[in-house]
Amino acid sequence: MQAKRPEPVDVFLREARKSLHSGRVVFLGRVLSDLSRLGITKIEAIDILIGLAPSHLHKGPEADRNMPGEIWIFDYHSDVHGRLYIKLKLVSEAERRVLCISLHEWGLGPR
């Protein structure tokens with residue numbers, strides 16, 4: 001019997017967690033502004049990202065319109081901050097990093 005292949009979101013989250021645990025994460029400037037407005041520290045944001053599960057997947061993978069690679073969108077509920085929209089991407093082949101493109105309240109629209 002062949003082992004079941006992992007789902008793409010499982011592979012993405014596993015790779016993302018490796019990068020996050022190693023401190024290889026980049027938050028776009030607008031994300032840092034949103035985190036500040038929400039009262040979320042970078043450490044708390046990293047903990048939220050590490051805690052993402054396949055069940056949080058909203059959409060993806062999708063082709064990035066601006067640069068090579070895939071974008072993943074997650075719908076995460078925080079007891080403190082409510083429903084959050086999170087858009088992530090893995091960048092760089094050699095030293096994989098998580099690029100956090102969005103992390104804000106759900107329903108704010110494109111930022």
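The values are calculated or read from the model by the stated rules, or taken from the named source; none is laboratory data. As the structure is a prediction and not an experimental result, all values here were calculated from the model. Here the Cβ is made from the backbone with ideal geometry for all residues, glycine too, and neighbour counts use every protein chain on show.
Below are the figures for this structure:
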read-out	value
Test for residue 47: is it among the acidic types (Asp, Glu), part of a strand (DSSP E or B), at pLDDT 95 or above and within 15 Å of the chain's Cα centre (by Cα)	no
Lone qualifier among 68, 54 - being in contact with an Asp or Glu (Cβ under 7 Å, 6 or more places away or on another chain), farther than 16 Å from residue 19 by Cβ and free of Cβ contacts under 8 Å to residues at least 60 places away in the same chain	54
Of all residues making up the range 61-109, the number that are within 26 Å of residue 36 (Cα to Cα), of a type in the set (Lys, Arg) and out of contact with any His (no Cβ under 9 Å at 6 or more places or on another chain)	4
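This table checks each residue for (1) at pLDDT 95 or above; (2) of a type outside the set (Asp, Glu); (3) within 15 Å of the chain's Cα centre (by Cα).
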{"site": "1", "(1), (2), (3)": "no, yes, no"}
{"site": "5", "(1), (2), (3)": "no, yes, no"}
{"site": "13", "(1), (2), (3)": "yes, yes, yes"}
{"site": "17", "(1), (2), (3)": "yes, yes, yes"}
{"site": "21", "(1), (2), (3)": "yes, yes, yes"}
{"site": "25", "(1), (2), (3)": "yes, yes, yes"}
{"site": "32", "(1), (2), (3)": "yes, yes, yes"}
{"site": "35", "(1), (2), (3)": "yes, yes, yes"}
{"site": "41", "(1), (2), (3)": "yes, yes, no"}
